[in-house]
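The values are calculated or read from the model by the stated rules, or taken from the named source; none is laboratory data. Bear in mind the structure is a predicted one, so any value in this text is a computation, not a measurement. Heads up, the Cβs are rebuilt from the backbone with ideal geometry, glycines too, and the neighbour counts pull from every protein chain shown.
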Amino acid sequence: MLANLKPQAPDKILALIGEFKADTRQGKIDLGVGVYKDANGHTPIMRAVHEAEKRILASETTKSYSALAGEPDFQSAMAGLVLGAGHKPELTAALATVGGTGAIRQALELARMANPDLRVFVSDPTWPNHVSIMNFMGLPVQHYRYFDNDTRGVDFEGLKADISAAKKGDVVLLHGCCHNPTGANLTLEQWAEVADILEKTGAMPLIDLAYQGFGDGLEADAAGTRLIASRIPEMLIAASCSKNFGIYRERTGCLLAQCGDATTRDLTQGAMAFLNRQTYSFPPFHGAKIVATVLNTPELRADWEAELEAVRSGMLRLREQLARELSSLAGSDRFGFIAEHRGMFSRLGATPEQVKRIKEEFAIYMVGDSRLNIAGLNDTTVPILARAIIEAGV
Ligand code: LMR
């Protein structure tokens, strides 16, 4: 039977990890997968995470099952982190998931349980795995315009026109901040216009919040999501703890569902727990416990916020340095968008041939659509990348 399986194309982002490892050239630079790295190319364990783990280890007395939808301390800490003071606990269902990807998958399963004819609107481009998951689930996908290749900013007129075609019963997937793969983001005024359209159409927003704290700060990065939550009664949020807590391999994520009334909230909470049970039963415990411990312990939370802020400002400095280097080499400010973008990624706008040339001639790896991970750079490698970009004719 298994011989009937069809070969699957490897995930392009993950395949790059193997290709980079196999490259024996000295001085190779990895700007591929979205993992934070410090100036030495190391992905550190954050101080508060390390301390929380020590405390958990010292106090833990059992490895018995926990709660099917996740522990209440994790659920409420995540709802608070994402939704802030506007959080309405009586209207919000929460589910611990296997990473942010698990939250996306459960969100789509939940929406399809509610509407078997579900269509999902996604930005063009979006994280490739969004579309891959939807295709695998057999969900119809509608792309809405998002990235303007000329300005390297958001094509907001195109976005508005395209999401206006969504209807009640559809889901519109939006990146809460730090758009992956482009780095181009909506302003708060634009979020308000998106809310107008969602109000008018009745389509349900699903916000992918995978990089809270990596763009303009923990609060600013959640501002668009919170604005939508204040205006649209029903919404889903898939939050990841992989990046902002640096706990990638612990697979920690959370699906939040804001519901129109308390009865629907209870119904939704039950459906979400059911989905976990059908998919993998209990969600991972350890990462969620780390997150709850950090967020609920004032001194750990303060230290985590400080370290996250240092990570964020370090990436911003690298963006500015790269934009400066490129502007002096190019003799123009056409790469100024790199300093305007936010988060880990920027889409350079290079052709696939130019990306290939940068890899082959300069041993610099970025995703084929010319997405580069800013956190893969340091002071020394920024000028090397800038020269490669110019020499490749970008
Ligand atoms: C990325 O986009 O590089 C990250 O979200 C990692 C992944 O799983 O693709």
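On the basis of being under 19 Å from the mean Cα position of the chain (by Cα), over 20 Å from Asp11 (Cα atoms), part of a helix (DSSP H, G or I) and outside the structural domain of His175 (by TED's automatic domain parsing), does Ala339 make the cut?
In short, no.
Being crowded, with 17+ Cβ neighbours inside 10 Å, within 16 Å of the ligand (Cβ to nearest atom) and in a loop (DSSP other than H, G, I, E, B) narrows it down to one residue among Gly70, Gly102, Gly32; which is it? Quick ask: steps written out before the conclusion?
Details: Gly70 fails: within 16 Å of the ligand (Cβ to nearest atom); Gly102 fails: in a loop (DSSP other than H, G, I, E, B).
Being crowded, with 17+ Cβ neighbours inside 10 Å, within 16 Å of the ligand (Cβ to nearest atom) and in a loop (DSSP other than H, G, I, E, B) holds for just one of Gly70, Gly102, Gly32, which is Gly32.
Under the condition of being part of a helix (DSSP H, G or I) and surrounded by 15 or more Cβ atoms within 10 Å (Cβ to Cβ), which residue from the range 35-54 is farthest from the ligand (Cβ to nearest atom)?
Per the stated criteria, the residue is Glu51.
Let's see how each residue does on (1) away from the ligand (no atom under 15 Å from the Cβ); (2) assigned to a helix (DSSP H, G or I); (3) under 18 Å from the mean Cα position of the chain (by Cα):
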| residue | (1), (2), (3) |
| --- | --- |
| Glu109 | yes, yes, no |
| Met113 | yes, yes, no |
| Leu118 | yes, no, no |
| Ser123 | no, no, yes |
| Asp150 | yes, no, no |
| Lys160 | yes, yes, no |
| Val172 | yes, no, yes |
| Cys178 | no, no, yes |
| Pro181 | no, no, yes |
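Which residues, taken from the range 340-394, are away from the ligand (no atom under 16 Å from the Cβ) and of a type in the set (Gly, Ala, Ser)?
Hits for the range 340-394 are Gly349, Ala350, Ala363, Ala386, Ala388, Ala392, Gly393.
From Asp379, Asp333, grab the single residue that is out of contact with any Asp or Glu (no Cβ under 7 Å at 6 or more places or on another chain) and touching a residue at least 40 places away in the same chain (Cβ under 8 Å).
Unique residue meeting the criteria: Asp379.
Filter the range 125-148 down to residues that are surrounded by 20 or more Cβ atoms within 10 Å (Cβ to Cβ) and more than 14 Å from the ligand (Cβ to nearest atom) and give me whichever is farthest from Val394 (Cα to Cα). Step through it out loud before you land on a result.
Residues of the range 125-148 surrounded by 20 or more Cβ atoms within 10 Å (Cβ to Cβ): 126-127, 130, 134, 144, 146-147.
Now narrow it down to the ones that are more than 14 Å from the ligand (Cβ to nearest atom): 134, 144, 146-147.
Details: Met134: 33, Tyr144: 26, Tyr146: 21, Phe147: 18 Å.
Filtering the range 125-148 for residues that are surrounded by 20 or more Cβ atoms within 10 Å (Cβ to Cβ) and more than 14 Å from the ligand (Cβ to nearest atom), the one farthest from Val394 (Cα to Cα) comes out as Met134.
So, in the range 213-264, of the ones that are in a helix (DSSP H, G or I) and of a type in the set (Lys, Arg), which residue ends up surrounded by the most Cβ atoms within 10 Å (Cβ to Cβ)? Working first, answer last.
Just the residues of the range 213-264 that are in a helix (DSSP H, G or I), to begin with: 218-231, 248-250, 262-264.
If we keep only those that are of a type in the set (Lys, Arg) too, we end up with 226, 231, 249.
Values: Arg226: 19, Arg231: 16, Arg249: 10.
Only one residue fits best here, namely Arg226.
Quick one: would you say Thr97 is in contact (Cβ under 8 Å) with a residue 60 or more places away in the chain, of a type in the set (Ser, Thr, Tyr), within 16 Å of the ligand (Cβ to nearest atom) and out of contact with any helix residue (DSSP H, G or I) (no Cβ under 7 Å at 6 or more places or on another chain)?
no
Hey, among the residues in the range 265-299 that are of a type in the set (Val, Ile, Thr) and surrounded by 16 or more Cβ atoms within 10 Å (Cβ to Cβ), which one's farthest from Pro44 (Cα to Cα)?
Thr268
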